[in-house]
Amino acid sequence: MKKTTFNQIVASLATIAWGTVPVYFYARGLIDRYLNESFHLIALIGGLAMMVLGLFNLLHANRQVGCGHDHSHEHGENDDHEPDHAHHEQNPVAALCLMILPVILCTGFTKHEYSKEALRWKGLYKQRTLRSLYSNYNAEFTRELLEKRTPRTGEGNFLLQFTELYWSAGDEKIMKIYEGLPAQLEGRLIEEEPDLNPDDNRKRLYRVIMTCCAADAQVLGVPLQFGGPLPTLPEKSWVTARGKVAFELIDGQYFAYLRDCKVEATEAPDPRAQKRR
């Protein structure tokens, strides 16, 4: 009997379609929004392998092979019925709906970024403090050590890593070292949580920290407090923020923020050229 049917052709096309997704994302520079950099090459190779496998099966769609069952048992002279076992195959419409259409819809209509609701769910406004980032330092952490290891801009602002500032809160000694430090951060701008913005003078800077993939990503947010009018940039714009480090106590926990802020629009960082700060 025929090995490959229309169902198998659909399955081959589905395999090619699924393999095309990571290859397309890699070629367009979108894969960093879904996977950590260490998995980019693996995803590309896997996608190419799926495309080759699907193409191979598609090219052999007319190959004739046996079904693997024994059809040698006797039948009567007038017995023209089919063998008494059934070959169950997936309905081609179901295969199309379950394997191909989701890929087309998801890749064709996604904006390749988290919605505001997803950012909130991932931790944008969560109030939490873990142990100090510097609790395991062998040498005593001092202001001198901070200044020695942290580059500055021509204006004298310290180029802090986003996670560095975020996790500096919670340790009184560490907070004293960072307090009032002129700092510069890069991130994306979004509105502040209304409950944390009673004077309507704040926005929030955030970054997506990805360990493996988009499913396990964490969103870290740092408030920006402005002395003048709030910036009118579109939400989720990439910006460079400059201000002075400060800390505030909320529900019994300390959190870092930047006061006296100024922001300017900037280009999104190239994930292949630098690691996210």
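FRET efficiency for Leu249 and Leu55, Cβ-Cβ distance as r, R0 = 51 Å, nearest 0.05?
Computed FRET efficiency for Leu249 and Leu55 comes out at 0.25.
Work out the FRET efficiency for Arg28 and Glu191 from their Cβ-Cβ distance, taking R0 = 35 Å, and round it to the nearest 0.05.
It comes out at approximately 0.75.
So which GluC sites (Glu not before Pro) in segment 136-236 are both in a DSSP loop and have at most 11 other Cβ atoms within 10 Å of their Cβ?
The qualifying sites are Glu140, Glu155, Glu235.
Where a number appears in this text, it was derived from the coordinates with a stated rule and is not lab data. Small disclaimer: the values here were computed from a predicted structure and weren't measured. Using ideal geometry, Cβ is built from the backbone for each residue, glycine included, and neighbour counts are taken over all protein chains shown.
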